[in-house]
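A.B. asks: Let me begin by handing over the structure; questions about it come next.
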There are 2 protein chains.
Amino acid sequence: MTSTEHAEPAPRRRRGRPGYDQSAILRAAIDLFNRRGYDATSMGDLARELGLTKPAIYHHVSSKEQLLGQALDDALDELTAVVSEASRDGAGAGAYERLRGVVRRSVEVLVAHQPSVTLLLRVRGNSEVELAALERRRWLDDRLAALVADAVAEGALRDDVPPGLVSRLLFGMVNSLVEWYRPDGAYDLRMVAEAITSIAFDGLARHETGHLARHDT
Amino acid sequence: MTSTEHAEPAPRRRRGRPGYDQSAILRAAIDLFNRRGYDATSMGDLARELGLTKPAIYHHVSSKEQLLGQALDDALDELTAVVSEASRDGAGAGAYERLRGVVRRSVEVLVAHQPSVTLLLRVRGNSEVELAALERRRWLDDRLAALVADAVAEGALRDDVPPGLVSRLLFGMVNSLVEWYRPDGAYDLRMVAEAITSIAFDGLARHETGHLARHDT
DNA sequence: CCTACCGATCGGTAGG
DNA sequence: CCTACCGATCGGTAGG
């Protein structure tokens, strides 16, 4: 028994019914793009998902590619903020501490903006929008590699592996998060951030020495 | 000047001209699928790439999806071989050594079969073929998590991070390889395998103790 | 915000 | 009759 039944046989109709705005459509689009892939997702799929028709979507959105662009910008803006803050060497903090900070804050961004970051990490460069995103990603990668190089130069990181290789592997591990992390899963944000930093910097093996350097950035 | 010129104005024609076989078409398809994405690649694209017509491709191949399936099977067969070998606990080798072995051999497989593994790691489950591949992948993940758990139980790995989380992060780092590794690039296979195992097990930080446990599996 | 469409291109197959 | 293809087009669906 539903409350407030009217005489109308179709109680569904209201003024400007669902009332989706651009950002609600964007969220749904990002979700579908991630589940099926961008190319495998049609605007018709998106319309059905939202209970709209295809033309109704184009009332809010100018193109499918624009939706992708906005998602990629969201992810890139967040990651750029994290990386630029750590790159302008702040008051007295060493490169090693700044690197640990970037790793931790990257994990936070990946979790808070997982859908858009996931999309970013899958971009292939198939369009102008994707190529622009790849260029911004390259900028991030370069900054991260420089930060790793600084930490090596500082003497805080091992120097038997090229900094470029270290940064790819380190952030490869961080980024892999988007493939499996679920906010409602067994691992919370703090645990994952702690696991990544401690595995990356101190390693998995239990060393016999017993006194591993503990950092809690 | 080409040798053996005939009177014919079109010297291009020969018996069964280019002579592509199934595996050459598969290789080209995998390459295109990786560069543009599976859905963004049309059979027409593949035909153009090979200098054939679309119907000519269907002479060798039954469907686009079959090409994907064969690529995924190739990757899965290789990875399954590595994981099963390490899972049936061989003569005397401990879980820790077997885990290091799996990491190293996984790196070798990722490099030797990079195109098909890359495809595998991007599967979304959009078809029966993809769903079957995801199921086999889940089996692999479970085996790897069990191996990590064994190594923890053995006392060789740190126990302050859940084994499931460790295995995701460890193989997240390993798998990230396919995103950037180039056989003709700056890093050779040995260097990458060494970097991954030493970072994963001993960590990035330079410890003051000086005597890190060194393993060269 | 819908019905009704467009130019083009999709994966796949006909006859020869 | 085989192989290795071609020119043309199928029924449907894409983004817009």
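The values are calculated or read from the model by the stated rules, or taken from the named source; none is laboratory data. None of the values given here were measured: they were computed from a predicted structure. Cβ placement follows ideal geometry from the backbone for every residue including glycine, while neighbour counts extend to all protein chains displayed. For accessibility, only protein heavy atoms count, side chains too; no ligands or nucleic acids. Shrake-Rupley method; radii C 1.70, N 1.55, O 1.52, S 1.80 Å.
A.B. asks: Counting other Cβ atoms within 10 Å, keep those with at most 14, restrict to DSSP loop, and tell me which trypsin sites (Lys or Arg not before Pro) in segment B:53-140 are left.
C.D. replies: Answer by residue number: B:Arg88.
A.B. asks: Run the numbers for B:Ala56 and B:Ser23: contour at 0.36 nm per residue of separation, minus the present Cα-Cα distance, in nm.
C.D. replies: My answer for the length gained is 10.4 nm.
A.B. asks: Return the whole-Å distance between the Cα centroid of segment B:18-74 and the Cα centroid of segment B:139-159.
C.D. replies: So the separation of the two Cα centres works out to 39 Å.
A.B. asks: What are the label-to-label distances in nm, one decimal and shortest first, from A:Ala146 to the same spot in the other copies, with labels 7 Å along Cα to Cβ?
C.D. replies: The projected label point of A:Ala146 is separated from its counterparts by 4.8 nm.
A.B. asks: How much area per residue is accessible in segment B:66-202 when the probe is 1.4 Å and only protein heavy atoms are counted (Å²)?
C.D. replies: Per-residue accessible area for segment B:66-202 comes out at 40 Å².
A.B. asks: Enumerate the lysines that B:Lys64 could reach by cross-link, defined here as Cα to Cα under 19 Å, with residues fewer than 8 away along the same chain left out.
C.D. replies: Those lysines meeting the cut-off are B:Lys54.
A.B. asks: Moving on. Quick check: Cα centre of segment A:81-125 to Cα centre of segment B:180-209, how many Å?
C.D. replies: 21 Å
A.B. asks: Assign one of three labels to segment B:18-62, namely rounded, prolate or oblate, based on the Cα gyration tensor with a ≥ b ≥ c the square roots of its eigenvalues; rounded applies when a/c is under 1.5, prolate when it is not and a/b is larger than b/c, and oblate otherwise.
C.D. replies: prolate
A.B. asks: For segment A:174-189, state which residues have at least 20 Å² less accessible area in the presence of all protein chains than in their chain by itself, taking the probe as 1.4 Å and leaving out ligands, DNA and RNA.
C.D. replies: A:Ser176, A:Glu179, A:Trp180, A:Tyr187
A.B. asks: If you don't mind, there's one more thing I want to ask. Relative to the isolated chain, which residues of segment B:35-83 have their accessible area cut by 40 Å² or more in the presence of all protein chains (1.4 Å probe, heavy atoms, no ligands or nucleic acids)?
C.D. replies: The answer is B:Asp39 - residues whose exposure falls by at least 40 Å² when every protein chain is included.
A.B. asks: Something else about it: Under the convention of a label 7 Å out along Cα→Cβ, give the distances in nm from B:Glu49 to the same position in every other copy, shortest first.
C.D. replies: Distances between equivalent label points, in nm: 2.7.
A.B. asks: Related question: Total Å² of accessible surface buried at the B-A contact, 1.4 Å probe, nearest 100?
C.D. replies: Looking at B and A, the buried total is near 4400 Å².
A.B. asks: Please compute the length gained on full extension between B:Glu154 and B:Arg138, using 0.36 nm multiplied by the number of residues separating them and subtracting their Cα-Cα distance.
C.D. replies: 3.3 nm
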